[in-house]
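Note sheet for the following structure.
The values are calculated or read from the model by the stated rules, or taken from the named source; none is laboratory data. The structure displayed is predicted, hence computed values, not measured ones. Glycine gets a Cβ as well: all are built from the backbone with ideal geometry, and neighbour counts include every protein chain shown. Heavy atoms of the whole protein, side chains included, go into the accessibility calculation; ligands, DNA and RNA do not. Shrake-Rupley method; radii C 1.70, N 1.55, O 1.52, S 1.80 Å.
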Amino acid sequence: MTDRHEYDDVYDGEGTDTPAEQERVFAALAPVHGRGFAQSWWGQAWLKALEDSALDLRQLKAGRRLARAGAVGAVSVRPGRVTAVVEERGGARHRADVLLQRLTEEEWDRFLGMAVERAGHIAALLDREMPPHLVEDAAAAGVELLPGIGDLEPRCGCDAWDHCAHTAALCYQLARLLDQDPFVLLLMRGRGERELLDELQVRSVASAAAGTGPEDADPDSGIDPSTATGTGTGTQAGPPPDGVDAAEAFAMGSILPPLPSVPPLPSEAGRVPSLDTETEPPPGTDVAALEFLGARAAAEAHRMLTEALTPGHELRAPEAELTPDQDAVRLAAGAPGPEPWIVARLADGSGRDREGLAAAVLAWEHGGAAGLSVLEEEWSPDAETAARARTAVEAAWDAGERPALRAARNRWTATGAGAQIRLGRDGRWWPYRKDRGRWLPAGPPAHDPAAALSAAVGDE
């Protein structure tokens, strides 16, 4: 890591005079409740750089609390540095600074050369947006705009050597400012909005005079800061060389034919082409296994398509990627009457014997990956959860009919009934029955432990 004293030269140190036009001061923001600090992808990238760099997560949490409470005062942003006074709950006030290395003159030259050829990037910035392509094109030119791990250097009056609650609070507050105006990031990197637009105007005029112009703008138009507005529009001498003018495309929307309707969902998965051909397969190729995997892939694709066309599907959280052993259970669960050799291979791939795989398949059929986790995982719920569950069970039966329960971590066994309920980490209770000395899933889960226990006992 760079020595802190070296940053005084790189980062607009305390003794450096900053021109007024290169400093922006933002009034303290109101407290924020019930939402994240960064809504934009570039604001989230800023916070990721903070959270990946900080060594003490407790300080980050304390910083979030301070920022949410409105404890961060007016924020001063200038090349290489952002500063604010953060007030603790007890009234103590600390000056917090976060330093970000400025781009060199050579890096700015490369960035401006790229931007003048991509007028759409500047139009997006004027709309207070930072398109991903701008960051990607800048990176291709050797210029990193967004900070990475270790790029946000903390300085605080509390003398902490790493990110403290005060510098963390400042970073969370700055993410809100970045959401509103990505030029804040460019100012920290060394160029204010006016200076940046002036330099782009000079380069654009020079490019037009030389007969070369931006790739996505008219070469004679340039970028005129005096007429640039927050909408990103300007005066252009003619249409772009490729594509359709946006106003024209919008106007055509009312006369174009409607999009075709979504084709109907197939009633079942498609059949996998036969691999039984006259050509011998390459050595080591298991044709039967490939046919099995192909059939299962088609069935899974049909299931996913069915779910994707279900109303409200876009509101659901994406499913977590399966581990190899979970996927082996999924394959076994979806295969109707698989051949013994397939069962043996899937059992080996899941790290189980055949009986263990059969139990895992039952768990998968009742609850997917969550049901499989409940089958195999033991953990200890907190006392409050256990107390609520006991109250629910006691209220569901009369005193003389209530099964006697023996609790062991997240597994509650009905004594003498061959029944058990298990609490999953998702808060649901899963019924189990004992069969030939092995506990097996007995049905789908329920949020009510009494309902799950009734399902387990009732199957006796």
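Restricting attention to the stretch 47-57, the residues that are open to solvent by 30 Å² or more (accessible area, probe 1.4 Å) and either in a loop (DSSP other than H, G, I, E, B) or charged (D, E, K, R) (or both) add up to 5.
The single residue among ALA28, ALA119, ALA123 that is modelled with pLDDT under 85, of a type in the set (A, V, I, L, M, F, W, C), on the phi < 0 side of the Ramachandran plot and over 28 Å from the mean Cα position of the chain (by Cα) turns out to be ALA119. Taking the criterion of being out of contact with any strand residue (DSSP E or B) (no Cβ under 8 Å at 6 or more places or on another chain) and surrounded by 14 or more Cβ atoms within 10 Å (Cβ to Cβ), the only residue of the stretch 408-443 that qualifies is ALA417. Scanning the stretch 373-405 for residues that are open to solvent by 80 Å² or more (accessible area, probe 1.4 Å) and within 12 Å of ALA450 (Cα to Cα) yields a count of 6. Scanning the stretch 97-115 for residues that are touching a residue at least 60 places away in the same chain (Cβ under 8 Å) and of a type in the set (A, V, I, L, M, F, W, C) returns VAL98, LEU99, LEU100, LEU103, TRP108, LEU112, ALA115.
With more than 30 Å from VAL329 (Cα to Cα), open to solvent by less than 100 Å² (accessible area, probe 1.4 Å) and modelled with pLDDT under 80 as the only criterion, which of ALA289, ALA251 stands out? Exactly one residue qualifies, and that residue is ALA251.
A residue that is of a type in the set (Ser, Thr, Tyr), crowded, with 17+ Cβ neighbours inside 10 Å, in contact with a strand residue (DSSP E or B) (Cβ under 9 Å, 6 or more places away or on another chain) and in a helix (DSSP H, G or I) cannot be found anywhere in the stretch 185-208. Evaluated against (1) among the hydrophobic types (A, V, I, L, M, F, W, C); (2) open to solvent by 20 Å² or more (accessible area, probe 1.4 Å); (3) over 16 Å from LEU185 (Cβ atoms), LEU60 falls short on exactly one condition, (2).
When ALA370, ALA347, ALA358 are checked against the criterion of being at pLDDT 80 or above, surrounded by 20 or more Cβ atoms within 10 Å (Cβ to Cβ), on the phi < 0 side of the Ramachandran plot and not hydroxyl-bearing (Ser, Thr, Tyr), a single residue qualifies: ALA347. Consider the stretch 34-46 and keep the residues that are open to solvent by less than 20 Å² (accessible area, probe 1.4 Å) and out of contact with any Pro (no Cβ under 7 Å at 6 or more places or on another chain). The one that is farthest from ASP127 (Cα to Cα) is PHE37.
Of everything listed in (1) loosely packed, with under 15 Cβ neighbours inside 10 Å; (2) on the phi > 0 side of the Ramachandran plot; (3) in contact with a Leu (Cβ under 8 Å, 6 or more places away or on another chain), the single unmet condition for ASP159 is (3). Among the criteria (1) aliphatic (A, V, I, L, M); (2) in contact with a strand residue (DSSP E or B) (Cβ under 8 Å, 6 or more places away or on another chain); (3) within 14 Å of LEU185 (Cβ to Cβ); (4) surrounded by fewer than 20 Cβ atoms within 10 Å (Cβ to Cβ), the one ALA124 does not fulfil is (2). Among the residues of the stretch 444-460, the ones that are surrounded by fewer than 17 Cβ atoms within 10 Å (Cβ to Cβ) and at pLDDT below 85 come to 3 in all.
Within the set ARG81, ARG118, the sole residue that is in contact (Cβ under 8 Å) with a residue 12 or more places away in the chain, of a type outside the set (A, V, I, L, M), open to solvent by less than 20 Å² (accessible area, probe 1.4 Å) and touching an Asp or Glu at 6+ places or on another chain (Cβ under 9 Å) turns out to be ARG81.
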